[in-house]
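Scroll down for the structure; my scribbles are underneath it.
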Amino acid sequence: MIGEFDQFDCAMATPLQEVTMSAHPDLPAGIGVIELRFANCAVFVCIEDEYDTLTCANALPPTYSDYTHRLDASFWDGLIGKSLTNAWLMTNDRGYPDAIQLRFRDLPNAGNYSVVQMYGEASQIVLTEFGIVRRCSFEDEPA
């Protein structure tokens, strides 16, 4: 995943339509692949279990064809219909690209933000939602 991080370009400012998650073949409860569907494309986030890094692609890489056991994707329910505004590939202190952060909002240019992080840990993808992120203004605070 070193180099370009443009897999989400086709999804910017478009609503998230559907998410499916599949288990790692050796970890029936561990997320191995997340498929994010947007109007113009799909983005697959996959665990590279040797180093717990994440790979992103616009088509499911052939090496993940045996990740067929579907997992409950209700984690994403609150984000369905929200527009993707930003995507970041994050690199840890050892130089491994092991996390992706996505920011969604109700409309492409309005509303509160919701932020999700996906990161590789113990041969699976771990999800964290930061909920609604609001801008903080100090102009109206009492002196």
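Here is how the numbers come out for the structure above:
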item	result
Lys, Arg +1 and Asp, Glu -1 on Cβ, resulting dipole of the chain about Cα centre, debye, nearest 20	440
Computed over the range 9-133: relative contact order in percent, which uses C-alpha pairs under 8 Å that are six or more apart	25
Over 17 Å [Cα-Cα, the range 79-124], rounded percent	41
Length released on extending from Asp106 to Arg94, taking residue separation times 0.36 nm less the Cα-Cα span	0.8 nm
Extended-chain gain in nm, criterion 0.36 nm per residue less alpha-carbon gap, Glu129 and Met12	40.2 nm
Cα-based shape type of the range 1-75, given that a ≥ b ≥ c are square roots of the gyration tensor eigenvalues and the cut on a/c is 1.5	oblate
Quotient of C-alpha Rg and 2.2 N^0.38 Å, computed over the range 35-94	1.28
Gain upon complete extension [Phe5, Ser65; 0.36 nm per residue less C-alpha separation]	19.3 nm
Amide H within-cut-off set for Asn112, under 5 Å, with H built and near neighbours excluded	Asp106
Cut-off 13 Å, label 7 Å out along Cα→Cβ of Glu121, residues of the range 20-38 by amide N	31
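Readers should treat all values here as calculations from the given coordinates under stated rules, not as data from a laboratory. Here the structure is a predicted model, which is why all the values come from computation and not from measurement. Heads up, the Cβs are rebuilt from the backbone with ideal geometry, glycines too, and the neighbour counts pull from every protein chain shown.
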